[in-house]
Amino acid sequence: MKFFKIILCLFVLTPSSFVYADTVLLLHGYLGSSYEWQRAGIVTQLNSAGWQNAGVLSIEQDRVIVDKILPSSTRRTYRAELESEQSIDTQALQLQRYIEYIRHQHIDEQIILVGHSAGGVVARLNMVKNPSEDISALITIASPHLGTKNAEYAQAISQNLLVWVEGIPGAGKLYRSQDLFFDLIPNRSDNLIGWLNYQEHPQARYYSIIRNETDGPVKDFIVPSWSQDMNQVFALRGRSINFIVDSMHSLTSEDAEILTTILFDLYTI
């Protein structure tokens, strides 16, 4: 933490002529929302570090809207609302709408995508399908880049006729999420993960924030740690800088500290 404070002081003292503008876009995971970033203290931490909170992006009546007035800072953070029960491809199309909005609002600025859980896969798919967008960096947190067995189990349950029994909590969510579950089943060649991991990826910077694989109570039971490492993706071997966090699957304050460190590094390159 002392080292981080030194970096922060040096950055603040840097002449303004040496800095440039950038935008961070935060993407939540399955059944999450933009509030997850607020709850974990990440929005507050980034705001204190200079990436001012620019609000939440959503799509209403087929147009992108934001819920607050744009701050004057040359560094800012948006949070995106995604229809997280939909397929990865459908969510990537929504993400593209948000990126186009940001490009219109902030011309020629670098955009950094940060995705938690399935949001990281959504971001990666968007980058592969839209390489001309020239996204500067992708930071993923506990994302199932090689899939997760839990998706396979969930899909099997969602296809069972019992999910139609009235009154079962979450039955509708499971049914609506069938395409997403199939996308994230590991070790297949006929689903989205099986296709995506062999596609050419843009020349961006890649960072994986990985949950530590432990036998104790603090463990990610949703996505195995090996699947969270983008270096395990065939098309990205050796290109990801990794950070290990002792945490469960949800976002934490330690994620906020790591994100801040990464963003300062990207901002001064």
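Nothing in this text is a laboratory measurement; each read-out follows from the coordinates by a stated rule. Remember, predicted model here, so these are calculated numbers, not experimental data. Don't worry about glycine lacking a Cβ; one is built from the backbone with ideal geometry, like all the others, and counts go over all protein chains shown.
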Run lengths n ≥ 4 of DSSP H only: what is the helix-derived mean residue ellipticity at 222 nm for the chain, with -39500 (n - 2.57) per run over all residues, to the nearest 500? -10000 deg cm²/dmol
Would you order His145, His249 from fewest to most other beta-carbon atoms within 10 Å of each residue's own beta-carbon? His249, His145
Any of Lys68/Lys173; Lys173/Lys219; Lys149/Lys219 with alpha carbons more than 27 Å apart? Name them for me. Lys68/Lys173
Computed lengthening from Thr268 to Ile59, 0.36 nm per intervening residue step minus Cα-Cα distance: 72.0 nm
Label 7 Å along Cα→Cβ of His104; the range 43-70 residues with amide nitrogen under 18 Å? 55-70
Helix 88-105 sits off the longest principal axis of the Cα atoms of the chain, rounded to the nearest 10 on a 0 to 90 degree scale, by 20
Tell me which residues come under 5 Å, amide H to amide H, from Leu57 once H is placed; ignore anything under 5 positions away on its chain. Arg79, Ala80, Glu81
Restricting to Cα pairs below 8 Å that are 6+ residues apart, what does the relative contact order work out to for the range 107-150? Please round to a whole percent. 49
In the range 40-158, what percentage of the DSSP-assigned beta bridges are antiparallel, given to the nearest 5? 30
How high is the relative contact order of the chain? Use alpha-carbon pairs under 8 Å, at least six apart in sequence, and give a whole percent. 18
What's the angle, to the nearest 10 degrees (0 to 90), between helix 253-267's Cα axis and the longest principal axis of the chain? 50
Positive-pole candidate from Ile88, Gly147, Val43, dipole of the chain, charges at beta carbon: Val43
So for the chain, taking the charge dipole from beta-carbon charges (+1 Lys/Arg, -1 Asp/Glu), which of Ser58, Val24, His201 sits furthest toward the positive end? Val24
Run through the range 30-81 and list the trypsin sites (Lys or Arg not before Pro) located in a DSSP loop whose Cβ has at most 16 other Cβ atoms within 10 Å. Lys68
